[in-house]
Amino acid sequence: MTPRREPWAAQLHFLPRALRGVHAVLIATLRGYFTRAPGWVLLTTRGRKTGLAREVLLPCARSNGDIIVLSTYGWQSDWMKNLRHDPKVQVTHRGRVLPARAEVVEDVDRKRAIVSAHPFCPAAPFLIVHAVALTVFRPFVILFLRHWVRPRPVVLLHVEE
């Protein structure tokens, strides 16, 4: 079995770990906005060591009742390690908390097909910026995402509504 190639960003994973407290304050402060904003999901996993609930705010896209998220830091992200241990999660999306099951997609062709059909712009938290990115710049966003997902896992969150 060939070793999994981690994205270059995985080398920078120390940054979000160092900013964990800032991230928690951001989620607490803007929870009402981000739990209802299009293009964002609050993912709750179970800690693989402690069993405690762990929340992470992620950009996302929706597809046929599923939520699509990407791991910028590959398997270095704690939430990805937690998913490997227990794929049962909760998602807070559009103001609702729902149980879900995570499916990690690692096949490159399938990842590219998913982001080509359902592109999203992680750097666009505001509706107007998101809308322009996915209309005017859609072909460029798709090209970028098809390259971006090559070394990164794509996660399908199958929501149990």
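The values are calculated or read from the model by the stated rules, or taken from the named source; none is laboratory data. Worth saying up front: this structure is predicted, and the values here are computed from it rather than measured. As a convention, Cβ positions derive from the backbone with ideal geometry for all residues, glycine included, and neighbour counts pool all protein chains shown.
What about W40, is it closer than 24 Å to I142 by Cα, in contact with a Phe, Trp or Tyr (Cβ under 9 Å, 6 or more places away or on another chain), aromatic (F, W, Y) and in contact (Cβ under 8 Å) with a residue 60 or more places away in the chain? Yes, satisfied.
For region 75-91, check the following and say yes or no: at least one residue is aromatic (F, W, Y), over 18 Å from A28 (Cβ atoms) and in contact with a helix residue (DSSP H, G or I) (Cβ under 6 Å, 6 or more places away or on another chain).
No, region 75-91 contains no residue that is aromatic (F, W, Y), over 18 Å from A28 (Cβ atoms) and in contact with a helix residue (DSSP H, G or I) (Cβ under 6 Å, 6 or more places away or on another chain).
The residue pairs whose first member lies in region 119-142 and is modelled with pLDDT under 75, whose second member is in a loop (DSSP other than H, G, I, E, B) and among the hydroxyl-bearing types (S, T, Y), and whose beta carbons are closer than 7 Å, counting only pairs six or more residues apart or on different chains, do not exist in this structure. Looking only at residues in region 46-82 that are more than 17 Å from F34 (Cβ to Cβ) and among the acidic types (D, E), the one that is modelled with the lowest pLDDT is D78. For beta carbons closer than 9 Å, sequence separation of 6+ or different chains, a first residue in region 76-94 that is at positive phi and a second that is assigned to a loop (DSSP other than H, G, I, E, B) and modelled with pLDDT under 95, the qualifying pairs are R94/T35; R94/R36; R94/A37; R94/P38.
A quick yes/no check of all residues on (1) farther than 13 Å from V155 by Cα; (2) out of contact with any Leu (no Cβ under 6 Å at 6 or more places or on another chain); (3) of a type outside the set (A, V, I, L, M, F, W, C):
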residue	(1), (2), (3)
L43	no, no, no
P59	no, yes, yes
K81	no, yes, yes
K88	no, yes, yes
V104	no, yes, no
V108	no, yes, no
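Is it the case, given these coordinates, that R94 is surrounded by fewer than 18 Cβ atoms within 10 Å (Cβ to Cβ), within 21 Å of T44 (Cβ to Cβ) and at pLDDT below 80? Criteria met by R94. Of all residues in region 26-45, those satisfying the criterion of being modelled with pLDDT under 85 and more than 12 Å from the chain's Cα centre (by Cα) are L26, I27, A28, L30, R31, G32, Y33, F34, T35, R36, A37, P38.
For region 136-147, the tally of residues that are closer than 20 Å to S77 by Cβ and buried (at least 17 other Cβ atoms within 10 Å of the Cβ) stands at 1. For region 36-59, filtered to residues that are more than 20 Å from P119 (Cα to Cα) and β-branched (V, I, T), the residue that is surrounded by the fewest Cβ atoms within 10 Å (Cβ to Cβ) is T50.
Can you confirm whether V155 is surrounded by 13 or more Cβ atoms within 10 Å (Cβ to Cβ) and part of a helix (DSSP H, G or I)? Considered against the rule, which asks whether it is surrounded by 13 or more Cβ atoms within 10 Å (Cβ to Cβ) and part of a helix (DSSP H, G or I), V155 comes out as no.
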